[in-house]
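Student: My questions all concern the structure below.
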Amino acid sequence: MRVPFIASLIIPTTIVKNTQSFVLPSIGAKRSRSDTTTQRHGINEWRDTDFDISGDSYSQPMGSEDGLPRKVCVLPFPFSDILLQGETKQLRLYEDRFLKLFDKCMDEHNGVLAMGLIASSGIIQTAPLCEVEAYNRMGDGFGIFVTIRVVGRCRLVEVTDQEPFIEAVCQDVRDGPVEERLEGLDMVAGNIENFVVTIASLERRLEESAELELRGEEDGETKGQKLSIEDIEDGEMRNWLLDDVDDDDDDDDDDYSSIEDNLEYEDSNAKFKNAFHQARNTDSQGYTISQSTSEETCDEYTKDEPCRNVQDLTALSWAAFCTDDVHCKYRIQALDTTVLFDRLKLGSYMLRERKAELEAKLALLDIQAPSDDDILQ
């Protein structure tokens, strides 16, 4: 069964400026001795801020899943650059309009801003909500190095200003109450973990076999000859196979505080585990579960240990979309999903498709897939 892609609602805008108005800093960039570094954690303070929003069109009834309306500065990005819960991006802001946006974000919005995901017809309405985790003001017009981390989601209700930068009224977006039995969610989460471990093993096998031994013909003249993936004549097939051969030049980890640590190769399973911990550590949404769900222990289901709690299940549902080669359409749909079970099922479906794709590549290259024992090692 194929899972349809459901696009988020889009707010039309008249933005015509280039959204690439900041750059990712290079690792070797020099910093002046007068640089200052500041840590800022302001999501809770931002939520407590009493914003002056005129009119009653944004008022929400008690018990609404959407939060109270708040003002937010919107930093534009191509929608393909979407970040999810716990992920970071390092930027260098240098245009005057974005320097002004940064100052207002820090002075009036407690270091909180939204990622404006720009599509062809406007801004995607559901946006990652980010904290300014750290920044360095550089001298001599070099701009500001900024690290942002996703700590939540918001729904852009109205774009109130586009000059000199985008400002909007937004509302918090959180998952709805968990109505499903925890054992069902836990089962899907277990499938996700198993898929990730298998995918990491398949990717490793494909990379180790970048040069393949061509099966010899009956006369033995070509037996033992090595075939490089680049020797495959079909260009599209060659590019498809090369998608999974690791290229260090494409490794773009945005967390500059741990650049040296990330120079070492991490497989999909290690990245998944790291994404899980980052998502869990930045979770501040709070949870509501039904009484029948809260009374479950799942002892009969797991026999050895209880089910994962809702916070762990939520973090795992985000981590499933934070490994390599996840198409942005899945990440956008995950961002827009407010039912935990649906996001877990989407992640499981996506990873199952990824596993099947890797197995097809190995079969095409006549490489034996790793055994269960190899996967568990």
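Student: Please list, in chain and number order, the residues 5+ apart from C154 or on another chain whose amide H is under 5 Å from its amide H, with Hs placed from the backbone.
Tutor: A127, L129, V173
Student: Return the sequence-ordered ³J(HN,Hα) values of the stretch 197-205 in whole Hz as given by the Karplus equation 6.51 cos²θ - 1.76 cosθ + 1.60 applied to θ = phi - 60°, using x for Gly and Pro.
Tutor: Those phi angles translate into 4, 5, 4, 4, 5, 5, 5, 5, 5 Hz.
Student: Just order 310-322, 104-116, 353-365 by mean Cβ neighbour count inside 10 Å, highest at the front, would you? Could you put the intermediate results ahead of the total?
Tutor: Working: 310-322: 23.4, 104-116: 21.5, 353-365: 15.7.
The densest-packed peptide leads the list: 310-322, 104-116, 353-365.
Student: Going by amide H atoms built from the backbone, whose H comes under 5 Å of the H on T160, apart from near neighbours?
Tutor: For T160, the qualifying residues are E167, A168, V169.
Student: On a full-extension model of 0.36 nm per residue, what is the gain between S80 and L365, subtracting their alpha-carbon distance, rounded to one decimal in nm?
Tutor: 99.5 nm
Student: Mind giving me the nanometre distance, one decimal, between the label points for K104 and Q162, set 7 Å out from Cα along Cα→Cβ?
Tutor: Going by the 7 Å Cα→Cβ label model, 1.5 nm.
Student: Let me ask you something else. Compute the relative contact order of the stretch 117-214 as a whole-number percentage, counting only Cα pairs closer than 8 Å that sit 6 or more residues apart in sequence.
Tutor: That works out to 17 percent.
Student: What is the gain in length, in nm to one decimal, between D342 and D312 on full extension, counting 0.36 nm per residue of separation less the C-alpha to C-alpha distance? Walk me through the numbers on the way to the answer.
Tutor: Working: separation 30, 0.36 × 30 = 10.80 nm, distance 1.55 nm.
Roughly 9.2 nm would be gained on extension.
Student: Moving on. Out of G116, G86, C170, whose Cα points farthest toward the positive end of the dipole of the stretch 78-184 (charges: +1 Lys, Arg; -1 Asp, Glu; placed on Cβ)?
Tutor: Working it through, the farthest residue towards the positive pole turns out to be G86.
Student: Here is a follow-up. Modelled label-to-label distance, T49 and D325, 7 Å Cα→beta-carbon offset: nm?
Tutor: 4.2
Student: What spacing in nm lies between the two simple spin-label points modelled at E179 and E95, each 7 Å away from Cα in the Cβ direction?
Tutor: Output for this residue pair reads 4.4 nm.
Quick note: the coordinates plus some simple rules give every number you see, no bench work behind them. Small disclaimer: the values here were computed from a predicted structure and weren't measured. Don't worry about glycine lacking a Cβ; one is built from the backbone with ideal geometry, like all the others, and counts go over all protein chains shown.
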